[in-house]
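Accompanying notes for the structure given below.
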Amino acid sequence: MKAVATVTMNRVNSADGEYARISQGGSIRNIIFQEGQYDCARESIRNQYNAQNIYNMNPTDIHYYIADWALSGNRSNEIGNCLWYLNPFRPTCSSTFPINGSGTFHTRLGKHCFYRPTNKYSQT
């Protein structure tokens, strides 16, 4: 959870590129609700109702702890400045992500691959 919170806050605080435009100066809401980014913010996925959306969740103490941790400026050192993560549903991670090549593989944590921005990202 800290890794995902780190990516989210990296996007919120991005100084250039796509996420700087989307966050419009630091809006977490804009980042979370960006189309197609966070499945939990989507009421449907592939035209199917998403029962695991944020409107159906009951946050627990750990969720509030992680949110407070991230909002207080904390970041996971393992994740660094990564802007993307995904579960590839296979044992290896692609060397680049997204498809436009603006991110390069940084680390794998559990089932998720994390990608840091390349110089190409600032032109997105």
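Here are some notes:
- Neighbour counts of C-beta atoms inside 10 Å place F114, F33, F89, F97 in the sequence F89, F33, F97, F114, starting with the fewest.
- Close amide H contacts of L109 (hydrogens built in the peptide plane, cut-off under 5 Å, sequence separation of 5 or more or a different chain): F114.
- In order along region 95-103, phi translates into HN-Hα couplings of 6, 10, 6, x, 4, 6, x, 7, x Hz, rounded to whole numbers, per the Karplus curve 6.51 cos²θ - 1.76 cosθ + 1.60 with θ = phi - 60° and x for Gly and Pro.
- Each of Y55, N77, I28 was scored by the projection of its Cα onto the charge dipole of the chain, and the greatest displacement toward the positive side belongs to N77; charges sit on the C-beta of Lys, Arg, Asp and Glu.
- Cα centroid of region 25-79 to Cα centroid of region 107-122, whole Å: 18
- Couplings for region 65-81, taken from phi via the Karplus curve 6.51 cos²θ - 1.76 cosθ + 1.60 with θ = phi - 60°, read 4, 5, 4, 4, 4, 5, 5, 7, x, 6, 9, 7, 4, 4, 8, x, 9 Hz in order; Gly and Pro are left as x.
- Hydrodynamic radius (Kirkwood) for the chain, which is based on Cα pairs only, to one decimal in Å: 15.3
- Listed residues G73, G17, G110, most fluctuating in the chain (Gaussian network, C-alpha, under 10 Å): G110
- Value of [θ]222 nm, deg cm²/dmol, for the chain, DSSP H segments ≥ 4, -39500 (n - 2.57) each, nearest 500: -7500 deg cm²/dmol
- The dipole here belongs to the chain: it is taken about the Cα centre, uses +1 on the Cβ of Lys and Arg and -1 on the Cβ of Asp and Glu, and is about 320 debye.
- Here the residues S23, S72, S122, ranked from fewest to most Cβ neighbours within 10 Å of their Cβ, fall in the order S72, S122, S23.
- From least to most packed, judged by other beta carbons within 10 angstrom and beginning with the fewest, W69, W84 follow the order W69, W84.
- Partnerless cysteines in the chain, where a partner means another cysteine C-beta under 4.7 angstrom, comprise C40, C82.
Values in this text are rule-based calculations from the coordinates and carry no lab data. Note that the structure is a prediction, hence the values are computed from the model and not measured. Please note: Cβ atoms are built from the backbone with ideal geometry, for glycine as well, and neighbour counts cover all protein chains shown.
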